[in-house]
Structure formats: structure tokens, C-alpha cells
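What follows is a short report on a single structure.
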Number of protein chains: 2
Amino acid sequence: MKKLINAPEDVVTDALRGMAAAHPSLRVDVANQIVYRADAPVANKVGLISGGGSGHEPLHGGFVGYGMLDAACPGAVFTSPVPDQMLEATKGVDAGAGVVHIVKNYTGDVMNFQLAAEMAGDEGSKVESVLVNDDVAVEDSLYTAGRRGTGATPIVEKVAGALAESGGDLASVAAVARKANERSRSFGIALTSGTTPAAGTPTFDLGDDEIELGIGIHGEPGRVRRKIGPASELVEIAAAAILDDYPFAAGDEALVFVNGMGGTPLIELYVVFAEIAKILEGRGARVARSLVGDYVTSLDMAGCSITLTKLDDELTKLWDAPVNTPALRWGA
Amino acid sequence: MKKLINAPEDVVTDALRGMAAAHPSLRVDVANQIVYRADAPVANKVGLISGGGSGHEPLHGGFVGYGMLDAACPGAVFTSPVPDQMLEATKGVDAGAGVVHIVKNYTGDVMNFQLAAEMAGDEGSKVESVLVNDDVAVEDSLYTAGRRGTGATPIVEKVAGALAESGGDLASVAAVARKANERSRSFGIALTSGTTPAAGTPTFDLGDDEIELGIGIHGEPGRVRRKIGPASELVEIAAAAILDDYPFAAGDEALVFVNGMGGTPLIELYVVFAEIAKILEGRGARVARSLVGDYVTSLDMAGCSITLTKLDDELTKLWDAPVNTPALRWGA
């Protein structure tokens, strides 16, 4: 294993120290592993927090800031944060208007966020939980009952964060987050496994010419392994999985998100983008907005995921609203 | 080799089609391999173009847009674009106020941009060429006489683009680009080689526990190979190389750029950031601005580079100015 780290047990806190040094717009509680926006809690605003295992950066800490999350709780690599962390973050961002928890559908995250929500409720915070479960690849998985939460997460965080910033109340912010999730579908492709710092060896093995379709962001099994083929063929399969589940028709507007898993160069993500755009245009749907890059990663895994979100006027407006986080920034 | 591509010979044009589909703010001439901002040429504005081999994405196409480049010319992977491409781009962005060529110091790029500048001059365009040569690792290299141009490139493009956008004339824009280059130093570390689509095998070999210090962005030899060590030790070596050449003293303000080479996860880049910040703070210098992520890559190479730019009021103001490109965007 070759990694730019000091020691496997220090990687999360060392990275948090780096975030603190790089981004004065954040306030990083390194000891408790919580990334806050520096001005949290924001008066009268609904708070938004998320969290999950580390190893998916910039998710979630890189999405903390104006117009998006108020705080993020990173766990150890591929390990849920603990309820105490989530409780602390909830209280830290609650300005009295309530807090939305954005929870990716992994059993540990779901259980811990639920406990945290109950504890926060006991201490007087109103909490709404929103589950993200956009991955069409498999029903039930290694760490998940139902569908996994993957690429839709930053999209849910962005639109909910924008509504919270513009004064939306707790119920509205939770509702638009759920709507963004319901209108999003994802599918992942792995060319290689990632390597966790603790294990030091790849999580799973793939042959030199083998890929896995429908991979999870922790290397959970997908649908099938097969020989690699041209990007056009692989994207066709991913698109079919998404569109069979959630069709896009003529006139539909898509936010097309081609996400790198951490080890795949951007030039390849654009090749993938060209293919998915062609498929959508073939159906008469329009690429109305785009996101291309490494946003929901699996350490150094080579591969990508494709997320399609069906936009409407509300979602488009919230997507376009100003945001100022380390990983997504515009209009601010 | 496993890559998300259709065929090695199509990767650049396929990726350009993807950029065109993803970014309506760009106008992409796929046939001639030129990425323009959609509104080029911009009346009364000095034009800025850059270019170089593909495989370093988002460099340069991802830096085309308001407040940065007017056009970029990608060559084949790790291969200079040709003078005709640069000439076409120069004419396409020249609104009569002249054009700045930002040229990374590689012999092919330098020669071809020089030819293009002469041809453009013959056709009535005023051209100023700015050479980027920030890499302190080695003097003369596989493709370079003098120092290589690496991480400083997007910084030079950003500040020069901001001055051009605010009405700076040709001489001023070229001067501030040269100043940004003169105040920047970089050093790269490779953990693995990248693999070009055409070759299909890694450009060079590194042992399972071996790294190369001072690597170039095409895999050109660096200073030394050694066993990997903790990030703190590797960053100390990189920082010493930079700071021995260009000291930062108490009160100096740094733009600290920790750049991923393409295959290294963001969590590791933040570990590196924490270490370089500690070293600068130890000298009394301040991390005034930051950039963390994959901006000047070498396909799927694992590793990073560190660039330090010594800011002054002018550079800070130009860095902070609004920018709207696929890869760097704020305030717009």
C-alpha cells in the first residue's frame, strides 16, 4: 500500500486538520470530528447536517458552507459516525428552526442517525430525517436494506441547503430533499477496488480486464462482473439500469452527474458524459445541468457512477442558487 | 489497461464532445480541438489562450471561461498541440486588444506556440508569450530545457484572466502573468505511474513501496527514488526543495495549492495540506488562500504536487475576482 498519510489511524483527523488549514469558511472540531460552517448556527435558518464514513471525500465535509450543509460528521474510513457526534452537530447547528438529517441508506448510518435524532428530540431540537437511496443497481446489499444511497447525496444536500438558506421551514426543506432523492437514480461501475488505509490491500479483486457493474461505494457487490468494453457499451448498460427504473422522456430536463470514484482521470469522465448525453438526447430529453468530477468517491477506486436527476423549475432554481463550500461553489 | 474510453485514438475528441455536452458556457470546436468560451471574442478584452498535451485535465480546457482563459488547445495525450491549432485559437479570441499565450515550459509547446505567435503576428494579431516554469525539482528534463511548468499554470491563468476581464491591456496582463509565475514554485511526488491510453502500460515502474520525488507531469524523471515514508516526511522534503529555492518568511502570505495527480484521493491531499500548512506556519508565513484537488493531473498517476505562490495585494485581489469555468468557479 502506498498512500500519502502518516498512519492509518490518523488519516481522518490529519485530513480534518488539513481542511481547517485550507478553508477559513469552516470551523473544524477535530477532536469530535465535526466540520461546521464557521457561522453556524445561522439565525432563523433550518440546519442541515449529514455524515457517514470517511473515504468518500469531498462527501460530506466538502459540502459544508453557505447554501448547503451546516455541518458534517465523518466517521472512520467506511464506518458510520457515532450518535454522539451527530447529536453534537445537531445541537451546534440548531438555531431554533429545526434540523434536517440527510442520511445515506446504509444500516449503520440509518441506525445511528435515528438514535441521534431521538436524543436531539429529547433535548428540544426538532429533527426531520431524509433518507437517500438512489442506487438502482441492487436491492439490499452488504450494508444496506433496500437501495444504497450514493450519487444523489450532494444533489439532495445542494437543493435542500438552498431552500434552507432562502428561509424555507423545516417541513419544506425536508420535503424538497425527499423530492430530489425521489427524482434521482444512480448506477456505479468499478474498474478497480479501492484500498482502505487500515487494511492496506484492495477490498476486492478484479482481473486485469474485468470490471464490476453496479458497484457500491464501499466495494459492495454489484450486479455482475464482466470483461471491460468500450465506454459506449458500459454507459449503455448503466443508462438502461437507470432509465428502466425511472424513464426520461421527450421534453424532460436532466441534471446529469458523472462522478469519479477517486482513481479515474477527468478525461475519462468526460468520455462517459458524451455517451450518457447522447443516450438522453436520443430520447428527446435535455441535459439541462451537469456535474462532472470526483464528488462521491471510494478512496482510490477507478470507475465512475452516473446519476440522473429529473429537474423541475423548483429543483433547477435551487440547484442554481449560490453556494460556497470547498467542493461546490458558485454565485458566491 | 482498464479505462473508460472507446478507443485510444478517440479519447481526446470523445472527451471534447463530453465537455461540449456538459458546459453550455463553452463553445467546443471538436474537429480542430479548440475549447472556446462561448462568448469569444470578448469586445475590447485581451484574449488569453493556453494549451498543451491532453492527460492533465482539467488543465487547460477546464479553465476556459469568464475571468480566466478565452480558449484552450488540447493536443493528443502528452503531445503538444500544433501551431495551426494555436493560430486558429489566437484569431478566434482576438478582439483587437491582443492575445496572451500562456505556455508551459516543454520544448514542443514552446516551439509550437512560438511559431503560432509568429504566424498570428503576420496576420495582424499582437501576441505576448508568457512562459510558466515553476517546477524546482530539476533543471532540464526529458522534454524541457530549464525548469518544467506545472502547478503554477492555473494560478497564472487565473490572475491574468482576472486582469484581462477587468480591462487590463496586453502588456499589463502579460506582466502580471509573469509575476505570478516568478512568485510560484512547485514540487511533485509520484506514488505510481500513469498509463497513457495509447501505450496501455504504465509509463514507468515503481516498486510496491517506492516513490519518486520531483516527478514531472508526464512521468519525466525527478530527483530521487526512495521508500515511501509518512506524509510529514515527504512533505518536508517537497517543502525544503521549494523554500530553499524561494524562501517564505514571517509575514509572507501564501496561496497553497495541493494538487492531486489524478489517482490520489482527496482525503490524502488534505493530509498533505495539513503538513505543508504546519511548515509554513512554523516560519511565520500565513496560508492566505488555498486550492486543494486535481487540477494539473497526469492521467491516473497517484501522487501530488505542492505549489506555493507568494501573494501580494494585487495577486490576492486577482485570485479572488469572479471566475466561471468548469473547474474553477466563484463569485459568478
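The values are calculated or read from the model by the stated rules, or taken from the named source; none is laboratory data. Only a predicted model underlies this, so the values are computations on that prediction, with no experimental measurement involved. Here the Cβ is made from the backbone with ideal geometry for all residues, glycine too, and neighbour counts use every protein chain on show. SASA here: full protein model, heavy atoms, side chains in, ligands and nucleic acids out. Shrake-Rupley method; radii C 1.70, N 1.55, O 1.52, S 1.80 Å.
Between B and A, buried accessible area from a 1.4 angstrom probe totals roughly 4600 Å², ignoring ligands, DNA and RNA. Segment B:147-170 and segment A:158-207 have their alpha-carbon centroids 35 Å apart.
Local charge sum around A:Asn112 (other residues, Cβ-Cβ under 12 Å, Lys/Arg +1, Asp/Glu -1)?
Numbers: positive: A:Lys104; negative: A:Asp84, A:Asp109, A:Glu118.
That works out to -2.
In units of the rule-of-thumb radius 2.2 N^0.38 Å, segment A:1-137 shows an alpha carbon radius of gyration of 1.01. Candidates A:Tyr270, A:Leu243, A:Phe204 compared by Cα position along the dipole of segment A:184-311: farthest toward the positive end lies A:Leu243, with charges placed on Cβ.
Provide Rg over Rh for the protein assembly as shown; use the alpha carbon set for both Rg and the Kirkwood Rh (inverse mean inverse pair distance). Mind showing how you got there, number by number?
On the way: Rg = 23.4 Å, Rh = 24.6 Å.
Radius of gyration relative to Kirkwood radius: 0.95.
Counting only other residues whose beta carbon sits under 10 Å from that of A:Ala89, what net charge do I get with K and R as +1, D and E as -1? Cβ neighbours under 10 Å give a net charge of -4. Largest GNM mean-square fluctuation among B:Ala190, B:Ala71, B:Ala249, using chain B with Cα springs under 10 Å: B:Ala249. Overall, chain A carries a charge dipole of about 480 debye about its Cα centre when +1 sits on the Cβ of Lys and Arg and -1 on the Cβ of Asp and Glu, all other atoms neutral. Residues whose amide H lies under 5 Å from that of B:Gly146, counting only those 5 or more places away or on a different chain, are B:Asp140, B:Ser141; hydrogens are built 1.01 Å from N in the peptide plane. Set against the 2.2 N^0.38 Å expectation for a compact globular protein, segment B:91-179 has a Cα radius of gyration ratio of 1.11. Residues of segment B:209-240 whose accessible area (probe 1.4 Å, heavy atoms of protein chains only) drops by at least 20 Å² once all protein chains are present, relative to their chain alone: B:Ile228, B:Pro230, B:Ala231. Of all chain B residues, the one whose Cβ lies closest to the rotation axis that maps B onto A, given with that distance rounded to whole Å, is B:Gly263, 2.
If you count, for every residue in B:188-197, the Cβ atoms of partner chains within 10 Å of its Cβ, what is the mean?
On the way: counts 0, 1, 1, 5, 3, 0, 1, 1, 0, 4.
Per residue, the number of nearby Cβ atoms from other chains is 2 on average.
For chain B, set up a Gaussian network in which alpha carbons nearer than 10 Å are linked by springs, and say which option among B:Ala288, B:Ala239, B:Ala254 fluctuates the most. Among B:Ala288, B:Ala239, B:Ala254, the largest mean-square fluctuation in the Gaussian network model of chain B belongs to B:Ala288.
If you take all other residues with their beta carbon under 14 Å from the beta carbon of B:Glu220, and give Lys and Arg +1 and Asp and Glu -1, the sum is 0.
You can think of it this way: the chain between A:Ala199 and A:Asp122 has 23.9 nm of extra reach, that is 0.36 nm per residue less the Cα-Cα gap.
If you stretched the chain out fully between B:Val42 and B:Asp320, how much longer would it get, using 0.36 nm times the residue separation minus the C-alpha to C-alpha distance?
Working: separation 278, 0.36 × 278 = 100.08 nm, distance 2.12 nm.
Taking B:Val42 through B:Asp320 to full extension adds about 98.0 nm, to one decimal.
Distances between copies of A:Asp122, taken at a point 7 Å out from Cα along the Cα→Cβ vector and listed shortest first: 8.2 nm. When the Cα positions of B:Met119, A:Val77, A:Ser125 are compared along the charge dipole of the protein assembly as shown, A:Ser125 comes out farthest toward the positive end, with charges on each C-beta of Lys, Arg, Asp and Glu. Stretching the chain fully between A:Ser172 and A:Glu9 yields a gain of 54.7 nm (0.36 nm per residue, less the alpha carbon separation). The antiparallel fraction among DSSP beta bridges confined to chain A stands at about 55%.
Look at the dipole of the protein assembly as shown built from charges on Cβ: of B:Gly303, A:Pro221, A:Gly149, the Cα furthest out on the positive end belongs to A:Gly149.
Of the candidates B:Leu170, B:Leu59, B:Leu291, which one comes out as most mobile in a Gaussian network treatment of chain B with C-alpha springs shorter than 10 Å? Maximum among the listed residues: B:Leu291. When the alpha carbon coordinates of segment A:184-311 are projected onto the principal axes, the ranges are 48, 25, 24 Å, largest first. The residues of chain B expose on average 32 square angstrom of accessible surface per residue, using a 1.4 Å probe on protein heavy atoms. Evaluated with a Cβ-only charge set (Lys, Arg +1; Asp, Glu -1), the protein assembly as shown carries a dipole of roughly 620 debye about its Cα centre, given to the nearest 20.
Leaving ligands, DNA and RNA out of it, report the carbon-plus-sulfur percent of the accessible area of segment B:141-210 at a 1.4 Å probe.
Details: 1180 of 2300 Å².
Result for segment B:141-210: 51 percent of the exposed heavy-atom area is carbon or sulfur.
Label point of B:Asp169 (7 Å along Cα→beta-carbon): distances to the other copies' equivalent points are 6.1 nm, sorted ascending. Between identical copies, the spacing of B:Asp39 label points, each set 7 Å from Cα toward the C-beta atom, reads 2.7 nm from nearest to farthest.
For A:Lys45, the aspartates and glutamates whose Cα comes closer than 17 Å to its Cα, not counting residues fewer than 8 places off in the same chain, are A:Asp70, A:Asp94, A:Glu128, A:Glu157, A:Glu165, A:Asp169.
Please compute one quarter of the surface area of the Cα convex hull for chain A and express it in square nanometres.
15.2
Only lysines eight or more places from A:Lys278 in sequence, or on another chain, were considered; those with a Cα closer than 19 Å are A:Lys310. Residue pairs exceeding 20 angstrom between C-alpha atoms, taken from A:Lys179/A:Lys317; A:Lys3/A:Lys227; B:Lys104/B:Lys179: A:Lys3/A:Lys227. Backbone phi angles across segment A:42-49, fed through the Karplus curve with coefficients 6.51, -1.76 and 1.60 (θ = phi - 60°), yield HN-Hα couplings of 8, 3, 6, 9, 4, x, 10, 10 Hz in residue order; Gly and Pro are listed as x. Each residue of segment A:96-107 was assigned a 3J(HN,Hα) from its phi angle through the Karplus curve 6.51 cos²θ - 1.76 cosθ + 1.60 (θ = phi - 60°); the sequence is x, 8, x, 9, 9, 9, 9, 10, 6, 7, 10, 4 Hz, with glycine and proline shown as x.
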